[in-house]
Every structure is written in structure tokens, then in C-alpha cells.
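I have placed the structure first, in the form of C-alpha cells, so that the comments after it can refer back to it.
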Amino acid sequence: MLLKKFGLLILIIALAAHDAQASVKMKLNDYMREILLNNHELQAGIKSVEAKYYEVLASVSSQRPSFGGALNGVWLSKNDAMGGRNATAGSLVFQLTHRIDISGIYGLSEQQSILGYETARAQFDAGLNALLATAEETWWGAVLARENVKLQQEVLNQRAENHRVTMEKYKQELVPRLDIVRSEAQVVQAESLVKEAETSYQNLLANLSYLAGGLDVEPIEQNLQVPEFDVDIDYDTALKVRPDVRAARIMTEQTKVIKKLRAKGLSPTVDFGFQWSAWADPDTFTTPQKKEVGASITLNMPFFDGNNTKYNVMNSDRLIQQSESNLKDLEEQTRRDIAVALNNWKNASAIEVDRKRQVERAEEELRITELMYTEGMGAQIDLINAQVSYRSVRTEYLSAVQGMYTALVALRKAMAEYAPSEDGSWREAVKRYGKGNNIIGEVGLKSLRDVRLNVK
């Protein structure tokens, strides 16, 4: 029996140690760092942009000369022309070819490829801005959810104590059976609220873990702070720094280049070729013959392509109009995002001040009502109403504080404060969490930022 108890104790200790290791308590700045290092979506985006860069390099390879060799061999059986004998022949020829651009296609093609790469970079930065904003919003949601768990547990303890007092009074025949039923119902309701709050908190922790690449994270225990407004709001600045607006602007420029490129569908081209026969047996087996050099130049002049160029140009023109409309829409969306987030901040700030005063009054009302009920001078229904009002006001206060954090995050996102700038340095919101240029190298972004492709 003693051995079984000892084994059970060891199991409990092991499970407790496992639970202690299951989640890592950290501050917000450390959590944001984990996202930059380990978020799988972010890593996939990095590789996507790197792939786009190599795609640009591959796309311009056709503009360079190509060089290759061809080794041929032939065997003929009992050829009459060869006196009825088996015949063999072979050759080794090296060839240099190059298409000469005489209409400016190469420059436009390279330019549109580079603009496509820059668009991909800007879109990646926009995704990063959204990802970090989601991460911080989830973080503060988890912090407030944990505070809500504490609140609901406090309410449960209060109602359990009131139920105990009611039971004592009932035993002394000071209150009717109805009071027992009511107080017990209040305890059951509080237990449900605790379970609901704990479930919400655990779900938010699961989201935090997902964003951090699977690392089980829990916000470190700290006193709840009411946030202060620390965002510089400027619409024109937002249009300059927002990566999604930059992506739309680059994409508009790219569609204009593509239109110019497609307009050259009937442009002439010149192909140049150079051949050298290094070996041939017999000497006349190939052209040019053995040890001879040959050169060729061909002018290609298309006259009609079934209106392919015409309709491609019309297609590009519509794409330009679409891109310009998308850009205007993003500009208006930026204005809306800033206005909505600012209004939400003002509303949440006002509610926080109001609910704070209400919490103070509700706490005093509950204290007095509990005292009066305990002393037999108050009705139970007054106590229940005070308990409900106290829980409601405290919950609304936490919701107001969370609304303030959410509004601040939305404002920072609208101002693109979570995104790196074009030179790779981090903006203010990320610097606030202890991030600097060094983190870019750690997540693999530095290789992208160091490659500066100049758009012609």
C-alpha cells in the first residue's frame, strides 16, 4: 500500500513537472521575437520572396548569348555508294547563338520582372504587418481573458461564501428554503462562468502557440495596465509607409510596363549564329566542314499575329485601370482604418473611465449589502442583485481595457508600424518590443533587403 502511494506521488510530481514545462511564461517582446523566428507562415513568405528573386534572375537569362555543343554519330550498313561496305560518320560542332534586341523588348521585360519582385516584397511586408498586429491583439486578448478568469473565480468564491451563510441561517430557521435554492443557483451559475472564462483563455493560448510556431506560451503574470495613447497619426505618412499601398503602387507601374511590352508583339528581331566544326569524319559530313567556321544572321519581321498584340494591349489597358482603382481603394481604406481605430480608442477610453467609477460604486454596494445580509438586516434578492451588478460592471471594465488595446493595435497596423521599412529597418512598434535591424538577419530577411535591384 505504501509503495502504491509512493508511486502515485511520483506520478503526480511528474505530471506537475510536465505541466510546468508545457508552457513558457514570457513577456510580449520575447513573444514577438518568437513569432519572427518561428512562425511557419512567415518562413514560407520569406522563401516565396527569395524564389521570386531567383525568378527575376532566370527571366533575364534569355537576353544573354547561349553556347553549346553537339556530338553526332551515324552508322550505315553495306551502303552501295560506299562500295557495299558498312559506313560510319560523326561530327562535333560548337554553336554560339544570340537574339539581338532592336526594339527595346529586353529592357521592358527586365523592368517588369523587377517590379514583380518588388511587389512580392511589399506584399510580404504587408503580411508581416498584419501578422504581428494579430499576434499582439491575441496577446492582450489572452491577458484580459486571464484577468476574466480571476474575476469569475472571485465571484464564485463570493457566492459560495454567501451560500454558506445562507445555509447557516436556514439551519437557524432565519431564512426560508427559497433562499437556499436561490443562493445555490447563483453558485452553479458562477461555476459555469468560470468554466466559460477558462475555455476562452485556453483557446487564446492555443492561438498564441499557433502564431509562435507551436511553442506553448503564456503571458507572464503582471499587474494589468491601462494603455496610453502613443501612436503618431498622419494620413499622408501612412500612405507613404504602408506596404500594401506600396505594393499596389508598384503593381500599377508594372501593368503600365507590361502594356508597353505587349505593344511590341510585332516588333522585328535579329538572330545571330556562330558555328565551328571541331571534328568531322568524313570531313564533309557536317556544315560547316571540319575545322571550318560558319556564321549566320536572320531578320525576323512578323506582319500579322491574328490580332494577338492588339487584344493583349487592350487587356493590359484594362489591367492598368484595375490597378489604379485598387490603389485608390487602398488609400481610402487607409483613411477608414485610421478613423475607425481612432473612434474605437476614444470610445473604449471613455468607457474605461466610466466603468472604473461604476466598479468602485459596485464594490461598495456589494460590501454593504453582504454585511447587511449577514447581520440579518437585508433581503437576499438585494444581495443577488448586487452580486450580478458587480460581476457585470467588472466584466465590462475588462472589456473596455481590451478595447483600448485592440484600438491601439489597429492604429499601429494602419500606420504600418509592425512592418519593416524599405531599407529593412524596423518601425517604431517593433522597436518598442526590443527589436532592431539584427532580427532581420535572424529570420532570413537580410538577404532580401541587401539585394537592391534598381528599376530602370
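The values are calculated or read from the model by the stated rules, or taken from the named source; none is laboratory data. Predicted, not measured: the structure shown is a model, and the values here were computed from it. So basically every Cβ, Gly included, is an ideal-geometry build from the backbone, and we count neighbours across all protein chains shown. Each accessible area value is taken on the protein alone, full model and side chains, heavy atoms only, with ligands, DNA and RNA left out. Shrake-Rupley method; radii C 1.70, N 1.55, O 1.52, S 1.80 Å.
For the reader, a short list of remarks on this structure follows.
- Residue in the range 45-73 that is surrounded by the fewest Cβ atoms within 10 Å (Cβ to Cβ), counting only those that are free of Cβ contacts under 8 Å to residues at least 24 places away in the same chain and within 29 Å of LEU96 (Cβ to Cβ): SER61
- Residue among ALA238, ALA190, ALA248 that is open to solvent by less than 20 Å² (accessible area, probe 1.4 Å), of a type outside the set (Val, Ile, Thr), assigned to a helix (DSSP H, G or I) and touching a Lys or Arg at 6+ places or on another chain (Cβ under 6 Å): ALA190
- The set of residues from the range 139-163 being over 42 Å from the mean Cα position of the chain (by Cα) and among the hydrophobic types (A, V, I, L, M, F, W, C) comprises just one member, ALA160.
For every residue, the table says whether it meets (1) in a loop (DSSP other than H, G, I, E, B); (2) touching a helix residue (DSSP H, G or I) at 6+ places or on another chain (Cβ under 8 Å); (3) modelled with pLDDT under 90; (4) within 20 Å of ALA142 (Cα to Cα).
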| residue | (1), (2), (3), (4) |
| --- | --- |
| ILE180 | no, yes, yes, no |
| SER183 | no, yes, yes, no |
| GLN186 | no, yes, yes, no |
| SER200 | no, yes, no, yes |
| ALA206 | no, no, no, yes |
| VAL226 | yes, yes, no, yes |
| ASP230 | yes, yes, yes, no |
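- Every condition in (1) outside any loop (DSSP other than H, G, I, E, B); (2) open to solvent by 30 Å² or more (accessible area, probe 1.4 Å) is met by VAL257 except one, and the failing one is (2).
- Boolean, GLU370 is in a helix (DSSP H, G or I), at pLDDT below 85 and either of a type in the set (Asp, Glu) or open to solvent by less than 90 Å² (accessible area, probe 1.4 Å) (or both): yes
- Candidates VAL393, VAL401, VAL388 - the one that is open to solvent by less than 70 Å² (accessible area, probe 1.4 Å) and at pLDDT 95 or above: VAL401
- Selected residue [under 22 Å from GLU136 (Cβ atoms) and part of a helix (DSSP H, G or I)] from ILE338, ILE384: ILE338
- Within the range 177-213, the set of residues being touching a Ser or Thr at 6+ places or on another chain (Cβ under 9 Å), more than 30 Å from ALA135 (Cβ to Cβ) and touching a residue at least 60 places away in the same chain (Cβ under 8 Å) comprises ASP179, ARG182, SER183.
- Condition met for MET314 (crowded, with 16+ Cβ neighbours inside 10 Å, under 51 Å from the mean Cα position of the chain (by Cα) and part of a helix (DSSP H, G or I)): no
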